[in-house]
Amino acid sequence: MSKRIGILTGGGDCCGLNPAIRGAVYRAYDFDYEVFGIRDGWRGLIDGSIFKIDLQDAEELIDKAGTILGTSRTNPFKVETGVERVINTIKNYGLDAILAMGGEDTLGVAYKLFNEYKVNVVGAPKTMDNDLSSTDFTFGFDSSVTRAVEAMKSLEDTGKSHHRVMILEVMGRYAGWVALYTGLACGADWVLLPEEKPDIDEMCKQLQRVYSRKKYALVVVSEGVELPGTAAGQEELDHFGHMILRKREIGQTLGDLICEKTGLETRHAVIGHMQRGGNPTVFDRILGLRTGVKAVELIEKEDFGKMAALKGNKIIAVPLEKAIKDIKTVNKEWINFAKIFFK
Ligand code: F6P
């Protein structure tokens, strides 16, 4: 039976979204579905901002970062009459199902709409933070880490010449996956993750040890780390209640601390939103395509309230409820693994 489906992308953009849209549109074509793009995440359903998407609109998306649909951090449950307007738009456009591409916030809204308002939704797992449960990886993560590793290579070049400690501050919010993978992949001498209370003395000893061998040292710090002097709870919050972390200047604070405690000349750089653009890696392109395709297959089977997830090498359906329950943070096993390389 032919269907009308709406696709939206919510939360921070990342590499892999456009490939996922491509996957969804191409699979929808097989089922003879009409596809509509919803502008700027849930905001598009609140405002009734929707447009038709054809195969040719998706044709050249495979290597494009960002999202052709636009995105926002709008939470309809926080907007007066937001949910009512979402439901009206779905009815007015005769949408049989919504495919929401997002992280725990966007998919949290999707689950609430499914559970409390019986809206037919399915999800695809995106976020550079890789902190979504029930999937091994989210698309966006691999490209972000790749960008950060490239940035650290440049810092290493200059750090070596000037004999400095070089710090790279990366995003990732409350999960340290981006910092951990970046640190391991670029051979960093210390990594600070939000999951662990920083041991500043231990870190300084290690940096001095490393410095005495190679005359420079590399540190990766996650934006979500708590350092002495960065009191939690005073930050601005977004629509979903998350701290806006970029204002905390963790890299700068850490650099000052290292310099004060070790006397080593230290510089820092913040890669910030550059981690979300550029060329999607092959991994993110393929994961985007696969999850986009699977999500439409879930719609075809009317298997709603599910998210397409990567488990091992398979794309499977997992309940949205499970995916959004807790965020996936770096566990002890990974932390101990990383410590092997701090000598
Ligand atoms: O969730 C993705 C993310 O890039 C986080 O790593 C970061 O803290 C946040 O979004 C930044 O949000 P914004 O794009 O609103 O500044």
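Scanning the stretch 165-186 for residues that are more than 15 Å from the ligand (Cβ to nearest atom) and in a loop (DSSP other than H, G, I, E, B) turns up nothing. Cβ-Cβ contacts under 8 Å between residues 6 or more apart (or on different chains), taken from a first residue in the stretch 10-23 that is open to solvent by 10 Å² or more (accessible area, probe 1.4 Å) to a second residue that is assigned to a loop (DSSP other than H, G, I, E, B) and more than 16 Å from the ligand (Cβ to nearest atom), are listed as Arg22/Glu59; Arg22/Leu61; Arg22/Ile62.
Would the stretch 138-152 turn up any residue that is of a type outside the set (Lys, Arg), assigned to a loop (DSSP other than H, G, I, E, B) and open to solvent by 40 Å² or more (accessible area, probe 1.4 Å)? No - not one qualifying residue is present in the stretch 138-152.
Condition check ((1) in contact with a strand residue (DSSP E or B) (Cβ under 9 Å, 6 or more places away or on another chain); (2) surrounded by fewer than 22 Cβ atoms within 10 Å (Cβ to Cβ); (3) free of Cβ contacts under 8 Å to residues at least 24 places away in the same chain) across all residues:
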residue: Gly44; (1), (2), (3): yes, no, no
residue: Ala58; (1), (2), (3): yes, no, no
residue: Gly70; (1), (2), (3): yes, yes, no
residue: Lys78; (1), (2), (3): no, yes, no
residue: Lys91; (1), (2), (3): no, yes, yes
residue: Ile98; (1), (2), (3): yes, no, no
residue: Tyr111; (1), (2), (3): yes, no, no
residue: Lys118; (1), (2), (3): no, yes, yes
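Residues in the stretch 164-191 that are open to solvent by 10 Å² or more (accessible area, probe 1.4 Å) and among the small types (Gly, Ala, Ser): Ala185, Gly187.
Restricting attention to the stretch 258-303, the residues that are closer than 19 Å to His162 by Cα, open to solvent by less than 40 Å² (accessible area, probe 1.4 Å) and touching a Cys at 6+ places or on another chain (Cβ under 8 Å) total 3. Restricting attention to the stretch 225-276, the residues that are touching a Lys or Arg at 6+ places or on another chain (Cβ under 8 Å) and either more than 13 Å from the ligand (Cβ to nearest atom) or at pLDDT below 95 (or both) add up to 14. For the stretch 167-213, which positions are over 18 Å from Leu257 (Cβ atoms) and of a type in the set (Lys, Arg)? Correct list: Arg173, Arg213. Only a single item in (1) among the aliphatic types (A, V, I, L, M); (2) assigned to a loop (DSSP other than H, G, I, E, B); (3) touching a Lys or Arg at 6+ places or on another chain (Cβ under 6 Å) is not met by Ile46, and it is number (2).
Looking at Asp131, Asp157, can you tell me which residue is open to solvent by 20 Å² or more (accessible area, probe 1.4 Å), among the charged types (D, E, K, R) and either modelled with pLDDT of 95 or more or farther than 23 Å from Ala269 by Cβ (or both)? After applying the criteria, what remains is Asp157.
The values are calculated or read from the model by the stated rules, or taken from the named source; none is laboratory data. This structure is a prediction, so every number in the text was calculated from the model and none was measured. Cβ atoms come from the backbone with ideal geometry, glycine included; neighbour counts cover every protein chain shown. Ligands, DNA and RNA are stripped out before the accessible areas are found, and what is left, the full protein with its side chains, is counted by its heavy atoms. Shrake-Rupley method; radii C 1.70, N 1.55, O 1.52, S 1.80 Å.
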